[in-house]
1. Which one is surrounded by the fewest Cβ atoms within 10 Å (Cβ to Cβ) among residues in the range 1-27 that are touching a Leu at 6+ places or on another chain (Cβ under 8 Å) and not hydroxyl-bearing (Ser, Thr, Tyr)?
2. For the range 44-64, which residues satisfy the criterion of being part of a helix (DSSP H, G or I) and among the β-branched types (Val, Ile, Thr)?
3. Any chance the range 43-58 includes a residue that's basic (Lys, Arg) and over 22 Å from SER89 (Cβ atoms)?
4. Can you give me the number of residues within the range 21-43 that are assigned to a loop (DSSP other than H, G, I, E, B) and under 14 Å from the mean Cα position of the chain (by Cα)?
5. Only one residue in ARG107, ARG111, ARG70 is modelled with pLDDT of 70 or more, under 23 Å from LYS3 (Cα atoms) and either out of contact with any Cys (no Cβ under 9 Å at 6 or more places or on another chain) or open to solvent by 70 Å² or more (accessible area, probe 1.4 Å) (or both). Which one?
Amino acid sequence: MTKAALAGLTRGLARDLAPRGITVNVIQPGPTATDINDNDEMRARIRPLLAIGRLGEDTEVASLVAYLARPEASFVTGSAITIDGGYLSGEKCRARDVEPAVQQFWRVALRNRASSGERQRRHR
């Protein structure tokens, strides 16, 4: 499902569930430091694409989720919330630079994911 489709689904569900006091939001995280992208070379390539110059932490995304679950966030519904550190707003975000860097990021991420899965299979 695309981001646009998720945003549309979120708005529809928010409208339908609001009378029951249920809020519905979608969180769109950007590059986040995880075991999938723990390669220093890949992080070095993606860092210049981020306005804040670093990958997000899983705890930062979790904090947003925790906030949305609190009563104080009861007015936030039907929202697509991007938490990406200004992804594609960094110093190297000229059009000619972005696409190759993004493609390289995903190539390395998928390769790391595949090798991680292979290691897990060998340890079983």
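The values are calculated or read from the model by the stated rules, or taken from the named source; none is laboratory data. Just so it is clear, the structure is predicted and the values come from calculations on it, not from any experiment. Using ideal geometry, Cβ is built from the backbone for each residue, glycine included, and neighbour counts are taken over all protein chains shown. Surface areas here come from the heavy atoms of the whole protein model, side chains and all, with no ligands, DNA or RNA. Shrake-Rupley method; radii C 1.70, N 1.55, O 1.52, S 1.80 Å.
1. MET1
2. ILE46, THR59, VAL61
3. Let us first name the residues in the range 43-58 that are basic (Lys, Arg), namely 43, 45, 47, 54.
Restricting the remaining residues to those that are over 22 Å from SER89 (Cβ atoms) gives none.
For the range 43-58, residues basic (Lys, Arg) and over 22 Å from SER89 (Cβ atoms): absent.
4. 4
5. ARG107
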